[in-house]
Amino acid sequence: MDLKAKVRVIEDFPKEGISFKDITTLLKDKEAYHHTVDIMVDICNKIGTDVIVGPEARGFVLGAPVAYGLGTGFVLVRKPGKLPADTVSYEYELEYGTDILEIHKDAIQPGQRVVIVDDLLATGGTALAVAKLVEKLGGKVVGMVFAMELKFLNGRKTLEGYEVHSLIQFDN
């Protein structure tokens, strides 16, 4: 199945000069969505993982069914103030400022093998922040799996040292 053809491209959104890759069209197509999750499950099976971690919000949409398919648990990573129990946080740089992500302190056990699942690899900043949170709790990030990758933003360079997989690549 050509998953790339299932992604809607919207020019000049959210501002002029941006070519936005909209995964919602892939997600609403039941065959494409199931195929995407199945491929991600296969990749994670080959890597070997104890738990899947996904950042909000589209990381939930892909990570939870991947965890289900693997028979593992799923851990949420959220923006500050969204998780109810004790958390650890990680502040990271954005193009124009900083952002913070949080994870429950008891979400990852020391030595657990973790795969991070998300919809998009762009600059790699969010994925790196999630990895740092996992590592702060003693987990081992054994892989990252993305539905889409914007290769021209060089996110893999940010994630050097991690095993990175993407199903769909865009060169521009």
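Quick notes on this one:
- The stretch 41-62, residues that are in a helix (DSSP H, G or I) and either surrounded by 17 or more Cβ atoms within 10 Å (Cβ to Cβ) or of a type in the set (D, E) (or both): V41, D42, I43, C44, R58, G59, F60, V61, L62
- Residue list for the stretch 130-149, restricted to those being of a type in the set (A, V, I, L, M) and either under 13 Å from the mean Cα position of the chain (by Cα) or closer than 23 Å to N45 by Cβ (or both): V130, A131, V134, V141, V142, M144, V145, A147, M148
- Of all residues in the stretch 66-87, those that are touching a residue at least 24 places away in the same chain (Cβ under 8 Å) have Cβ atoms under 6 Å from Cβ atoms of residues that are surrounded by 14 or more Cβ atoms within 10 Å (Cβ to Cβ) and part of a loop (DSSP other than H, G, I, E, B), 6 or more apart or on another chain, in V75/A107; R78/E56.
- Residues that are of a type in the set (A, V, I, L, M) and assigned to a helix (DSSP H, G or I) were ranked within the stretch 5-38; the one that is surrounded by the fewest Cβ atoms within 10 Å (Cβ to Cβ) is A5.
- Being surrounded by 14 or more Cβ atoms within 10 Å (Cβ to Cβ), part of a loop (DSSP other than H, G, I, E, B) and at pLDDT 95 or above is a property that I108 has.
The values are calculated or read from the model by the stated rules, or taken from the named source; none is laboratory data. Since this is a predicted model, take the numbers as computed values, not measurements. Heads up, the Cβs are rebuilt from the backbone with ideal geometry, glycines too, and the neighbour counts pull from every protein chain shown.
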